[in-house]
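The values are calculated or read from the model by the stated rules, or taken from the named source; none is laboratory data. Keep in mind it's a predicted model, so treat the numbers as computed, not measured. Every residue, glycine as well, gets a Cβ built from its backbone with ideal geometry; the counts of neighbours run over all protein chains shown. Keep in mind that these areas ignore ligands, DNA and RNA; they rest on the heavy atoms of the full protein, side chains included. Shrake-Rupley method; radii C 1.70, N 1.55, O 1.52, S 1.80 Å.
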Amino acid sequence: MKIRSLALARLNFVYELAVLMLFRRNTRDATSVGYCFKLKRRKIGIHNSITGKMTIAYRPEINGLRAIAVCSVLLSHAKFEAFAGGFVGVDIFFVISGYLITSIVLRDYESGTFSFLDFYVKRMRRLLPALFVVLFFCFLFSYALLPVERLRDFARTITTVVFFFSNFHFMNQGGYFDLSDSFRPLLHTWSLGIEEQFYIVYPIFLVVLRAFSRKLFIVGLVLVFLGSIFLSEYLSVVDERANYFLPFTRAWELSAGCLLATLSTAFLDRVSGIWREIAALSGIAAIGVSLVLLTPEFAYPSLWALIPVSGTVLVLAMADGRTFVGKLLSTKLLVFIGLISYSLYLWHQPVFVFSGFVFGSENLSEVGYAALILLCILLATLTYIFVETPVRQRRMAKGSPQLIAISVMVCVAFVASSRLTVIYGKQALPFRSNAVTDLDTRLRRNLGVTADCGRFPGGADYCRTSSKPTIAVWGDSHARHAAGSVLAANPDAEIIQFSGSGCPALLNIASARRGVDWARNCIAFNDSVMDWLEKSETVKHVVLASALLDFKGRQKVMTGEGSMALSDSQMIATRLTGLIDWIRSRDMEPFLYSFTPTNGTNVGYCYYRILLFGRKNTHCDMKNKDILESAADRIGIFELASTDVQSLYLPDLLCSKTKCEMMPEGTLLYNDGHHLSYEGANYVGKKSNLYQLVNGAAAAKE
């Protein structure tokens, strides 16, 4: 009992310290912690005799709501199945931001004390110090541990983060839920980008419209809300990537909070106790339902996002010290987590990602993630106490010019370091061991016939070994290492390579997971390959090589006619068989080169763990049962399509009855989770004698 009491006392001490550091001011200030807890919490406009401004009463339940938001995100990213919808925590943050920023700007504008400079400097004090600390440590760990290609990608991301447009950067790289399974330590900054864009634009919007009338300002907000939610619903069908990352499709969530802040406290206070209680309970229930109901399979954000957004609005409007929900959200633990929520959000993604790199994300259990969450809370607490609070209270970077100058210098340092890393990452980087540099070289991205084949679309004059090719290798990025395998078996092979990253060779169909425009471009690319082949007088064999990763389960696809559908294995196999028949109708012989065996792990990272941490060479091997589970849909597609065509089934080539060795004879087969490295492609080509297999397809027919 004594130990328990001591632990509770220490937790209480940390909580009180955090609150005191946040609210410590002159003792006469109306926002001092003692005074704030005695205020009627719905009373917004309290005069501060020290600054001459109206102050906003502290509402601990808002910090409790922040705690729910950040914990939802953490538990979702930690892969706790019960919190699959935890990504809605970001929507909760957006509503809170809209509410608080509108309250602050309206208060200062209507009291005649608003200053754009003061507003932006306060945002800098709030956001930049903790962000800079996290970026610094991310850069150190990335430079020390990451494969050079991933390090260069990370360095490019840093520039977008410090200039507040990382949401656009990630939008161009893939869908959020696709990227969340890859190594992206700064992926979570997409939401910070949207908030920062909101902070830049919104005060101007508010002041300009409010200068005419309060009514015009509210009408403007309503129009933004309606236009944004309409755009979000439309893009949820047309372009899921843009819908998720664009500020225009998130503006309605921020506007919901803004509109709430325009309501008078007198109006809200007229709601009777029982209805206030029901509304607050309904709001917290809506948030809870969204955490369980909404999953990555939903088109999001869309009208579905109304559930967490409306729930948050109800809680902000009705949950106070008079309600059960308000009292629950004002508990010390939730308020404490809410106080550190910004730093906690910043730290969690890098901690999860780097831990996944060191230990293997597939090896992190729920207990392991729970330990990582505790580590994040510790880091966030330290950042809050020693970084956020001193800067916000002007004990560091006291004046605005000093803060701006330091921020600019730090941003320049980050951008310069990032650019140098991107540029010199093409060669050996300084301060990295020779062994790591050698591994970087061995695991560089396999582009196939030439380095130019990395361009999209691959093919034509810059991606061939002969002006009169006899073999065409066609598919997504797997066509690159398939071409390398053919050349490994016969370096004199006359090849042309058509490779569209993420665009498998199929007849008049493409995945719409990356958006409708992308699907349309993929279909157009495959049509252009068919046009080229139809005109060719030399090509005799066509190797079809695609990973088919976008067709796990039922996925959105676009057909050549422009219609949308949900795919299944039979549909994709039919389209692949249709392409095989088309090739034969042009007097060419098709050959199927299968997907590589996968189990959801990044084998390339696994090789680095062997080098850096002394793991055994068998550390990266895959169990056959895991491969069957990971690739069940693709296995079904391949079996249906390969019944009447020559093929190479890579799982049979690379695996025994129980496992697949990832370092056979010292060969590093993969450079990531599913692409063969250059030496891996050589190994496959020589072991299978692929050139003879491809030519044997025609010989067998004759």
Report task. Just give me the residues in segment 631-659 being open to solvent by less than 30 Å² (accessible area, probe 1.4 Å) and polar (S, T, N, Q), in sequence order. Result -> 642
Report task. State all residues of segment 215-252 that are touching a Ser or Thr at 6+ places or on another chain (Cβ under 7 Å), open to solvent by 50 Å² or more (accessible area, probe 1.4 Å) and free of Cβ contacts under 8 Å to residues at least 24 places away in the same chain; if no residue qualifies, say none. Result -> 231, 248
Query raised in the report: Only one of (1) polar (S, T, N, Q); (2) in contact with a helix residue (DSSP H, G or I) (Cβ under 8 Å, 6 or more places away or on another chain); (3) in contact (Cβ under 8 Å) with a residue 24 or more places away in the chain; (4) open to solvent by less than 50 Å² (accessible area, probe 1.4 Å) fails for residue 667. Which number is that?
Result: (3)
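Hey, among 346, 374, 379, 364, which residue is hydrophobic (A, V, I, L, M, F, W, C) and within 19 Å of residue 65 (Cβ to Cβ)?
346
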Query raised in the report: So which residues in segment 253-278 are over 30 Å from residue 243 (Cα atoms) and at pLDDT below 90, if there are any at all?
Result: 264, 265, 266, 267, 268, 269, 270, 271, 272, 273
**Report entry** Subset of segment 595-617 that is among the basic types (Lys, Arg) and more than 16 Å from residue 437 (Cα to Cα) - its residue that is surrounded by the fewest Cβ atoms within 10 Å (Cβ to Cβ)
**Finding:** 616
Query raised in the report: Which of the residues spanning segment 593-646 are over 22 Å from residue 677 (Cβ atoms) and aliphatic (A, V, I, L, M)?
Result: 628, 632, 635, 637, 640, 641, 645
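Let's see how each residue does on (1) within 30 Å of residue 391 (Cα to Cα); (2) polar (S, T, N, Q):
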{"site": "297", "(1), (2)": "no, no"}
{"site": "300", "(1), (2)": "no, no"}
{"site": "307", "(1), (2)": "no, no"}
{"site": "329", "(1), (2)": "yes, no"}
{"site": "338", "(1), (2)": "yes, no"}
{"site": "349", "(1), (2)": "yes, yes"}
{"site": "357", "(1), (2)": "no, no"}
{"site": "362", "(1), (2)": "no, no"}
Report task. List the number of the failed condition for residue 137; all other conditions in (1) more than 21 Å from residue 243 (Cβ to Cβ); (2) under 19 Å from the mean Cα position of the chain (by Cα) hold. Result -> (2)
Query - Test: residue in segment 99-121 that is closer than 30 Å to residue 444 by Cβ and among the small types (Gly, Ala, Ser) - result: no
Report task. State whether one or more residues within segment 470-481 are at pLDDT 90 or above, basic (Lys, Arg) and under 28 Å from the mean Cα position of the chain (by Cα). Result -> yes
Requested in this report: Can you give me the number of residues within segment 540-589 that are without any contact (Cβ under 8 Å) to a residue 60 or more places away in the chain, assigned to a strand (DSSP E or B) and aliphatic (A, V, I, L, M)?
Outcome: 4
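May I ask you to say which residue of 88, 73 is surrounded by 22 or more Cβ atoms within 10 Å (Cβ to Cβ), farther than 17 Å from residue 369 by Cα and β-branched (Val, Ile, Thr)? Don't jump to the end; show me each part of the working.
Working: 73 fails: farther than 17 Å from residue 369 by Cα.
Checking each option against the conditions leaves just 88.
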Query raised in the report: Does any residue in segment 350-376 that is within 19 Å of residue 139 (Cβ to Cβ) and of a type outside the set (D, E, K, R) come within less than 7 Å, Cβ to Cβ, of a residue that is modelled with pLDDT under 90 and in a helix (DSSP H, G or I) six or more places away or on a different chain, and which pairs are these?
Result: 357/145
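I need a count of the residues in segment 618-630 that are in contact with a strand residue (DSSP E or B) (Cβ under 8 Å, 6 or more places away or on another chain) and either open to solvent by 60 Å² or more (accessible area, probe 1.4 Å) or not in a helix (DSSP H, G or I) (or both).
Pass one, segment 618-630, residues in contact with a strand residue (DSSP E or B) (Cβ under 8 Å, 6 or more places away or on another chain): 621-624, 627.
Among the residues that remain, those that are also either open to solvent by 60 Å² or more (accessible area, probe 1.4 Å) or not in a helix (DSSP H, G or I) (or both) are: 621-623.
Number satisfying all stated conditions: 3.
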Query raised in the report: All but one of (1) surrounded by 20 or more Cβ atoms within 10 Å (Cβ to Cβ); (2) touching a residue at least 40 places away in the same chain (Cβ under 8 Å); (3) in contact with a Ser or Thr (Cβ under 7 Å, 6 or more places away or on another chain); (4) over 22 Å from residue 604 (Cα atoms) hold for residue 133; which doesn't?
Result: (1)
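Each row is one residue, and each column tells you yes or no for (1) modelled with pLDDT of 95 or more; (2) of a type outside the set (Val, Ile, Thr); (3) over 29 Å from the mean Cα position of the chain (by Cα); (4) part of a helix (DSSP H, G or I).
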{"position": "209", "(1), (2), (3), (4)": "yes, yes, yes, yes"}
{"position": "222", "(1), (2), (3), (4)": "yes, no, yes, yes"}
{"position": "228", "(1), (2), (3), (4)": "yes, yes, no, yes"}
{"position": "236", "(1), (2), (3), (4)": "no, yes, no, yes"}
{"position": "242", "(1), (2), (3), (4)": "no, yes, no, yes"}
{"position": "248", "(1), (2), (3), (4)": "yes, yes, no, yes"}
Query raised in the report: Considering only residues of segment 419-463 that are surrounded by fewer than 16 Cβ atoms within 10 Å (Cβ to Cβ), among the acidic types (Asp, Glu) and within 28 Å of residue 683 (Cβ to Cβ), which is modelled with the highest pLDDT?
Result: 438
Query raised in the report: Which of (1) open to solvent by 10 Å² or more (accessible area, probe 1.4 Å); (2) over 22 Å from residue 517 (Cβ atoms); (3) in a helix (DSSP H, G or I) is the odd one out, the single condition residue 177 does not satisfy?
Result: (2)
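Please go through segment 157-174 and pick out each residue that is out of contact with any Lys or Arg (no Cβ under 6 Å at 6 or more places or on another chain) and under 21 Å from residue 515 (Cβ atoms).
Of segment 157-174, the ones out of contact with any Lys or Arg (no Cβ under 6 Å at 6 or more places or on another chain) are 157-170, 172-174.
Those that are out of contact with any Lys or Arg (no Cβ under 6 Å at 6 or more places or on another chain) and under 21 Å from residue 515 (Cβ atoms): 157, 160, 165, 166, 167, 168, 169, 170, 172, 173, 174.
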Report summary line: Counting only residues that are closer than 20 Å to residue 103 by Cβ, open to solvent by less than 10 Å² (accessible area, probe 1.4 Å) and touching an Asp or Glu at 6+ places or on another chain (Cβ under 9 Å), segment 308-324 contains a total of 7
Requested in this report: Among the residues of segment 485-531, write down those that are part of a helix (DSSP H, G or I), open to solvent by 10 Å² or more (accessible area, probe 1.4 Å) and in contact with a Ser or Thr (Cβ under 9 Å, 6 or more places away or on another chain).
Outcome: 487, 489, 518, 523
